[in-house]
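The values are calculated or read from the model by the stated rules, or taken from the named source; none is laboratory data. Because the structure is predicted, anything quoted here is derived from the model rather than measured. Neighbour counts are summed over all protein chains in view; Cβ atoms, including those assigned to glycine, are modelled from backbone coordinates with ideal geometry. Accessible surface is based on the protein model in full, side chains and every heavy atom, while ligands, DNA and RNA are left aside. Shrake-Rupley method; radii C 1.70, N 1.55, O 1.52, S 1.80 Å.
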Amino acid sequence: MAARDQHGPGAPWPEEGAPELAATNRSSAEGFRAVGQSMRKLEGLDKATGAAVYADDIKLPGMLHAKTLRSPHCHARIVRIDASKALALSGVHAVITGADLPTKYGVIPWTQDEHALALDKVRFIGDEVAAVAAIDEDTANAALKLIEVEYELLGAWLDPAESRQNQLTDERPAIHEGHKHGNISKRVELEFGDVEAAFEAADVVLENDFYFHSSTHAAIEPHCAVARESADGLLTLWSSTQITHYVQREVSRVLGVPQSRLRVIQPNLGGAFGGKSDPFSLEFVVCKLAQLTGRPVKMLWTREEVFYAHRGRHAMNMRYKSGVTKDGKLTGVSADILIDGGSYSSFGLVTTYYSGQLLTGPYDFPAYRFDSTRVFTNKPPCGPKRGHGSVQPRFAFEVQLDELSEAIGMDPIDLRRVNDVGEHTETVNGQRVTSNGFAACLDAVEEQSAWKERRGKLPAGHGLGVAGSMYISGTNYPIYPNDMPQAGIQLKVDRSGLVTAFTGGNDIGQGSSSVVRTVICEELGVDSADVRVVAADTDLCPVDLGAYSSRVTFMVGNATIDACRNLRKLICRGVAEEWGIDPSRVFLGRGEVFDTENRGNPKRNITTRRAFEIAEARCDTLGSTGSYNTPKLGGDYRGGSIGASPAYSFTAHVVEVLVDERTGMITVPNVWVAHDCGRALNPMLVAGQMEGSAYMGIVEALFEDHKVNRFGLHAGPSLLDYPLATSVDCPDLHALIVESIDPEGPYGAKEAGEGPLHPALPALSNAIFDAVGIRLRKLPFTPGKVLAALDEKRAREAASAEEAPSC
């Protein structure tokens, strides 16, 4: 493959091991100067050298340390709290309880059901009850032991099926008493087309049950927050969050502080994966304690506390029924989904919709219905984890697709090809699809894995499996309804040639600030060393809604282009006036500015710095703004905008697996990941996201399980007890970048941060079937489950042999 084509004319050859472009239009960066180049992350050197400042690195004069008292019970009323002994301890400056922060909060305005500290009731083991500020962590921890809390124990709801039945009693009341639907957090029932008629028209109809377990994010950096109130009453909060704007809104509302008097800053972040996209108790607590004590306050959660706070992947029980004709065309799909939401709502309203709304691509089926119910249980609250709400249904459906292909004798990749929804079309539930590289993704993994030559032909215990997916590039629906931009950018130009961008976008390690830099380099022709990005500071930066739903590249990228082109007009106008030519003749690129019709004239070939000076002299101080908002999208029905996106990414995986039939051990030597990201703005970062997503999916299937016991106690809230893969366990990951060039994305780009996770788990299950002939429909895939399934298979084969007529 001509690697030079992907980097544009005259660009250097990529480093060895650079991601390969698998699409037919491989000239990704042709005509571009910065777009398509594999540049290191903006903050990469600081992180690699230890210079990066994280929330826990912040140390302020006179700073106090805060700790939280947590509930030992999963469901109980708070009868009495006595903090007098804790307050009397030397070194303790303040103790607060739920009475000090009585206003409920929640990221979604319609489902605010949390208190920063429990007000009258605790709902899971680990729920926050009180907080202490002291001179150091040891003193704060000692004070926690002196706080007396009297509880009235209540019956617990730990089984989601029981919660759905809503058989409430005085001894076991609803988890949220007064909630109009009892323990049912949210239910969504939607149907598109005549599903029963679709099953009648099918040659094969299969119905199966699936289970997807809960898992946590396991970001290396625990949650941390620091607050300080200045002498004039300005409250500043530094937090390891991925939603600075929403945190500002909620802390402002709960504390009664005007947003203009509350500054929220996100320092460098040590991973998030969705786990920091809620407002959390510690953010409210440190702000309140800073107000009460007049001193800065820091709270750093332990790893155990991070496990309790959770907000990880929802466990789901799913029943899927699908029909297919003998030529491989899907006729209809039906889903019944029970979602274990844990103790609070978090993003649960969206989760319930996403579990059904995001399944309708990359395949076209004319009839579809889903009935999704999210229930409360007395467990740590679930929330958004990478691929929010749609990884679980994707697992079930993609496994069922393989079973359908087996039933009609069709190659699993061919069945997926036959049902490709295509481009510039609409899904059955009214989602607009623009660009679509799914067919190219299937081609890429088929070729690179040698699928035709190897699948079904490898030795026993060795197999290949495939799966596909579609995912959003941002959501059409802001969390609180408004007509303002979803992303904004401000640019400042210095006479030195420096361009500084101010963006509210949260860089959580995915490289969003680096995307801003790439766009500025491309549009203004400056060197990457002459670009600074100031991000996620509510005092300095325009509003951005945060790093969730894979929105940042698409939305912040488009906003940056808008700002750059507004600024570029000023620069070209100023230089054109100086030279007495039309502005269309002024070219900015690679550090120089020249007249395109008289480039040989040295007087009309100047540095970018000199062009900035000329433009400032003629047009005033240089700066510009830009923004992005989505067009109106989604179906014309209640919930039709949830899951609607300005563009969708597409992915296909082939997983290679080895299964030891004696021990049940599963090994994954290779994963081929083909992902349609639109245009790869920075192929190295795109490949990193693809590989990280696939790794996370495989590890989630084989190792992780965020479970609680029959008393509601977490089984092992530490990284010693919660199994994760090491580098030894990691498969070889082959990133195959497919470029479909989206008509609305920045230079054609789409998301790459969450979509590539989805197919990993079902492709692994399908590979296990190819290897040893067993269908694993319940996660995680432990050796015990493998051995049990093999025993069942042998028993079925023995029974079948006994029933066979003798010759």
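Please list, in order along the range 454-459, the HN-Hα scalar couplings obtained from phi with the Karplus expression 6.51 cos²θ - 1.76 cosθ + 1.60 (θ = phi - 60°), rounded to whole Hz, x for Gly and Pro.
Going residue by residue, I get 10, 5, x, 10, 7, x Hz, with x marking Gly and Pro.
Check every DSSP H run in the chain and write down those whose alpha carbon atoms cover 20 angstrom or more along the long axis and whose mean Kyte-Doolittle hydropathy is 0.0 or greater.
On the way: long enough: 391-408 (26 Å, 0.10); 552-579 (39 Å, 0.22); 683-702 (28 Å, 0.81); 783-803 (30 Å, -0.69).
Within the chain the helices that satisfy the rule are 391-408, 552-579, 683-702.
What figure in square angstrom, to the nearest 10, would you give for the accessible area of D539 with a 1.4 Å probe?
Its accessible surface works out to 80 Å², give or take rounding.
Quick one: pull the percent of accessible area on the range 423-487 belonging to carbon and sulfur, 1.4 Å probe, ligands and nucleic acids left out. Spell out each step's value before the answer.
Values: 1230 of 2490 Å².
Carbon and sulfur together cover 49 percent of it.
On a full-extension model of 0.36 nm per residue, what is the gain between R303 and A201, subtracting their alpha-carbon distance, rounded to one decimal in nm?
Working: separation 102, 0.36 × 102 = 36.72 nm, distance 5.31 nm.
Additional length available on full extension: 31.4 nm.
Tell me whether the range 485-628 comes out rounded, prolate or oblate; compute the Cα gyration tensor, take square roots of the eigenvalues as a ≥ b ≥ c, and use a/c under 1.5 as the rounded threshold.
Values: a/c = 2.39, a/b = 2.20, b/c = 1.09.
The shape class here is prolate.
Please list V53, V738 in order of solvent-accessible area, largest first, computed with a 1.4 Å probe with all protein chains present. Walk me through the numbers before you get to the answer.
Details: V53 75, V738 0 Å².
In descending accessible area the options line up as V53, V738.
Quick one: accessible surface of D327, probe radius 1.4 Å, all protein chains present, in square angstrom to the nearest 10.
90
If the chain between H181 and D371 were fully stretched, how many nm would it gain, using 0.36 nm times the residue separation less the Cα-Cα distance?
On the way: separation 190, 0.36 × 190 = 68.40 nm, distance 1.61 nm.
Gain in length upon complete extension: 66.8 nm.
Keeping all protein chains in the complex and leaving out DNA, RNA and ligands, what accessible area do you get for W238 with a 1.4 Å probe, in Å² to the nearest 10?
Using a 1.4 Å probe on the heavy atoms, I get roughly 40 Å².
Of all trypsin sites (Lys or Arg not before Pro) in the range 571-628, which ones are in loop regions per DSSP and have a Cβ with at most 14 other Cβ atoms within 10 Å? Intermediate results must be reported in sequence, preceding the final value.
Details: sites: R573, R585, R590, R599, K603, R604, R609, R610, R618; in loops: R590, R599.
For trypsin sites (Lys or Arg not before Pro) across the range 571-628 that sit outside H, G, I, E and B with at most 14 neighbouring Cβ atoms in 10 Å, the list reads R590, R599.
Shape verdict for the chain, please, from the Cα gyration tensor: rounded (a/c under 1.5), prolate (a/b greater than b/c) or oblate. Don't jump to the answer; show the numbers that get you there.
On the way: a/c = 1.87, a/b = 1.07, b/c = 1.75.
Oblate, since a/c reaches 1.5 and b/c is not below a/b.
Suppose accessible area is computed on protein heavy atoms with a 1.4 Å probe; arrange V418, V493 from highest to lowest. Walk me through the numbers on the way to the answer.
Values: V418 55, V493 10 Å².
Ranked list, largest accessible area first: V418, V493.
Rounded to a whole number, what % of the accessible area of the range 535-636 do carbon and sulfur atoms account for, probe 1.4 Å? Let's see the in-between values first.
Values: 2030 of 4600 Å².
Reported share for carbon and sulfur atoms: 44 percent.
Provide the per residue accessible area, probe 1.4 Å, for the range 485-628, rounded to a whole number of square angstrom. Write down the numbers at each step before the final one.
On the way: 5380 Å² over 144 residues.
About 37 Å² of surface per residue is accessible.
With the other protein chains left in place, how much accessible area per residue, in square angstrom, belongs to the range 320-407 at a 1.4 angstrom probe?
I get 15 Å² per residue for the range 320-407.
Pick out, from T553, T538, L622, the residue whose Cα sits farthest towards the positive end of the charge dipole of the range 485-628, with +1 on the Cβ of Lys and Arg and -1 on the Cβ of Asp and Glu.
It is L622.
Below 8 Å, C-alpha to C-alpha, sequence gap of six or more: please give me the relative contact order for the range 406-498 in percent.
Values: 38 pairs, mean separation 15.0, N = 93.
Normalised by residue count, the contact order of the range 406-498 is 16 percent.
Per residue of the range 527-534, what does 6.51 cos²θ - 1.76 cosθ + 1.60 with θ = phi - 60° give for ³J(HN,Hα)? Whole Hz please, x for Gly and Pro, Karplus curve as stated.
Ordered by residue, 3J(HN,Hα) equals 6, 4, 5, 9, 10, 10, 10, 9 Hz.
Apply 1/(1 + (r/R0)^6) to the Cβ-Cβ distance of R618 and A529, taking R0 = 22 Å, and write down the FRET efficiency to the nearest 0.05.
Working: r = 26 Å, r/R0 = 1.20.
About 0.25, to the nearest 0.05.
What whole-number distance in Å separates the alpha-carbon centres of the range 580-617 and the range 396-423?
For the range 580-617 versus the range 396-423, the Cα centre distance is 56 Å.
Could you order K47, K67, K326 so the one with the most accessible surface comes first? Probe is 1.4 Å.
On the way: K47 65, K67 15, K326 160 Å².
Output order, biggest surface exposure first: K326, K47, K67.
So what is the 222 nm mean residue ellipticity for the chain from helices alone, if each DSSP H run of at least 4 adds -39500 (n - 2.57) and you divide by all residues, rounding to the nearest 500 deg cm²/dmol?
Values: 19 runs with 220 residues, N = 807.
Taken over the chain, the calculation gives -8500 deg cm²/dmol.
May I ask you to derive the FRET efficiency for D732 and Q259 from their Cβ-Cβ distance with R0 = 30 Å, giving the value to the nearest 0.05? Walk me through the intermediate numbers first.
Values: r = 48 Å, r/R0 = 1.62.
In this case the efficiency is close to 0.05.
Please report how far the C-alpha centroid of the range 37-76 lies from that of the range 429-502, rounded to the nearest whole angstrom.
With the range 37-76 and the range 429-502 each reduced to a Cα centre, they are spaced 29 Å.
Any of K145/K298; K186/K288; K104/K186; K186/K632; K180/K632; K186/K785 with alpha carbons more than 27 Å apart? Name them for me. Don't skip to the answer; put the middle values down first.
Details: K145/K298 19 Å; K186/K288 32 Å; K104/K186 19 Å; K186/K632 25 Å; K180/K632 32 Å; K186/K785 32 Å.
Beyond 27 Å: K186/K288; K180/K632; K186/K785.
Post the alpha-carbon centroid distance, the range 99-164 to the range 747-763, in whole angstrom.
After rounding, the separation between the Cα centres reads 36 Å.
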